[in-house]
Amino acid sequence: MTTTQLSATAHAFSFVIPAASSSVPVRLAMLVMVLLSVVLTGCSGVGTANATPTRPPSPAPYPAIMPTPTPTPASRPRPAPVIKTRLTAREREAVFDNVWQAVNDNYFDPTFGGKDWKAIGDGYRQRLATVQDDATFWLDVVNPMLFELGVSHIAALPPELSSQMDPMTFSAGALGMDVRLLDGQAVITEVAPGFPADKAGLRPGFVITTMKTIDGWTLEELAAIGLQTPPNNERNRRATVAQRMRSLLYGELGSSIDVDYLNGSGQPQRATLPYVRRSASTCAQFDPSLPPACTDFEARRLASGIGYIRFSAFLPTALDSVLQAMDDMHDAPALIIDLRGNPGGVYPVRKAIASKLVGEPKLFMRYQHRDGLEVAYLDSVPKAYQGEVVILVDELSASSSEEFAGSLQALGRATVVGSQTPGRCLVANIVPLADGAILTYPYGQSQTPDGRVLEDNGVVPDVEVALDRALLLQGVDTQLEAAVRSVTGKAGK
C-alpha cells in the first residue's frame, strides 16, 4: 500500500485481531493489536482525505467482563504476526531518529502539550544499545516513546503489521449481533433477525461470558490485558475493550465461534455460531490495494413518520445509500442518524452527508496546524433535508463520527443524543519508514465551528442517556427512545 493510499483509507477502520501465524510474548502481541487500532481508527482530516482544502504531506486497569475468575493472559502466548529482524543496530538508530525528527518538526502543537519531547527522545534513545531485535525496537522503544505524548493517531508499524485487515470492515461474514461494555459486562445490545445469533436464541440484554477465537483466546482474556492507547480517558478505555469484543463478531464465511452467555434469567448457555454473509451491507473495493470493504446500512421509518438511518462507517460504500435514503425521506418530520459504533471514515463522505443536511456553504471544521489554521466548508446543496435532525452517538463513535456530530451540533443543525464520544480525533499524516514500515502522527487538531477541541474531549450529547441491560432485556433501546422523544417533545411545544 502506498503512502497516499494509506492516507485516504487508514482512519476508517477499527480494532484488529491479527491473524494467527506464530507465537510471541503476550505483552508484545497485545501491543500489536493496540497499535493497529491507532492506525485504523480516528479522524482523517481534509489533508488525509485528498479533498479540498489540502495540505502537502510532511517530510519524511480494565474491569473484568466475566463475573467469574478468568485465566491469567500472561500465562501463555498470543498468536500474532512475527516481526522479523530486518534492521541492523545502526539502521534502527536511523529509523528512531527519523521518527523522533518527523514528530519534532510536524506535530501540530509546538509545545507538545507542555512535555519535553527532546528529553523523552533522549531517554528512549538510551535504550537502543540493549535492543537485539526489531520486535523489541518497535514495541518497547519507538511506540512507547510516541505514546508519551498522550494523543491518538500516533504509532509506528513494522511491515508485518501495517498490512493487517480489520474484520469489521473487510470480513464478509457476521454473527448478526452487537455488544457493548455495560457495568463491566459484555452485553448484547442488538440481534439481527434471521442471523445465527437470533436463530440460536440470543437476545438483547444477554451477557456474553466467553467467545473462543480460532486460536483459543477468549473474550475475557482479551479484555483483561491492560494495554491502552491514548487518549487516556475512561471513555476511550471502555471503547478499546468494546472494540476488542466487537472484532470477534465478524469473520470468514463458513467458520464458526463458540459463544458462552448468560440468558435473561442468568442461566449459563452455549451456542456455536457460524459466520454468514452480511446481507444488510454493501461491500465494494474502493481502494485497489485493499480487499472489498463492507459497510452495514439500515434505513426505515419509525413512529410518526420519523426517518431512521444507520451506517457502520463513513466509507464510500455507504455514501450513495445514505444520500438516497435522505432523498426518500425528504418528507419525514425528523431524521435520526445513528452513529453508535461508527468508528469513522473519510472526509469526503462525512462532508457530503453533512452538506445534505445543511444545504449552505457553512463552516464545517477548523484544523489547527503548527503553522496556522485551516478551515473547511460544506457544499451548497439545492435540495437539502429541511426537517429536524437527531444524531445518536456513544463511546464507539469516533473519528468522522465525532467531527460530523460535533460540527452539526455547533451549527445548531442537530441535537446529539447518547453518551459522550471517546475523543479520538486528530488529523494524521502517514509517512513511509525503512523496509515498508510506516509512521502515523497527528499534524492537525480538529475543532468544531465554535472552536471546541474534539481530541480527548469528544462530543458531549445535548441529551445524555446510557443503555440499560434490564431494559434491553425488555426490548427497550433507551438511547433510541430518547432520540425519538427529543423530536416529539419539540413537536409538542
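Given H placed on each backbone N at 1.01 Å, which residues far from D338 in sequence or on other chains put an amide H within less than 5 Å of it?
The answer is I309, R310, F311, L392.
Not counting ligands, DNA or RNA, and with a 1.4 Å probe, what is H330's accessible surface area in Å² rounded to the nearest 10?
130 Å²
K351: which aspartates and glutamates have alpha carbons under 14 Å from its alpha carbon, excluding same-chain residues fewer than 8 sequence positions away?
D320, E360, D379, E402, E403
Please report the net charge: other residues with Cβ closer than 14 Å to the Cβ of A352, K and R +1, D and E -1.
Local charge sum for A352: 0.
Can you give the local net charge around D133? Use residues other than it whose beta-carbon is closer than 11 angstrom to its beta-carbon, Lys and Arg +1, Asp and Glu -1.
It works out to a net charge of +1.
Q101 to R370: extension gain in nm, 0.36 nm per residue of separation minus the Cα-Cα distance?
Result for the pair: 95.4 nm of gain on full extension.
Can you compute the FRET efficiency between Y377 and K212 using 1/(1 + (r/R0)^6), with r the Cβ-Cβ distance and R0 = 30 Å? Round to the nearest 0.05.
0.05
List the aspartates and glutamates whose Cα lies under 17 Å from the Cα of K199, skipping any in the same chain that are fewer than 8 positions away.
Qualifying aspartates and glutamates at Cα under 17 Å: D178, E190, D258, D260.
Provide the net charge surrounding T85, with neighbours chosen by a C-beta distance below 13 Å and charges set as Lys +1, Arg +1, Asp -1, Glu -1.
-2
Of E403, E190, E234, E395, which has the most accessible area with a 1.4 Å probe, and how do the rest follow in descending order?
So, going from the largest accessible area down, we get E234, E190, E395, E403.
In vacuum, with every alpha carbon of region 443-493 counted as one equal point scatterer, what does the Debye formula give for log10 I(q)/I(0) at q = 0.14, 0.28 Å⁻¹? Two decimals, please.
-0.59, -1.00
Given points 7 Å out from each Cα along the Cα-Cβ axis, report the D450 to D258 separation in nanometres with one decimal.
5.3 nm
The values are calculated or read from the model by the stated rules, or taken from the named source; none is laboratory data. Bear in mind that the values here come from a model prediction, so they are computed numbers and not experimental data. Neighbour counts are summed over all protein chains in view; Cβ atoms, including those assigned to glycine, are modelled from backbone coordinates with ideal geometry. Ligands, DNA and RNA are stripped out before the accessible areas are found, and what is left, the full protein with its side chains, is counted by its heavy atoms. Shrake-Rupley method; radii C 1.70, N 1.55, O 1.52, S 1.80 Å.
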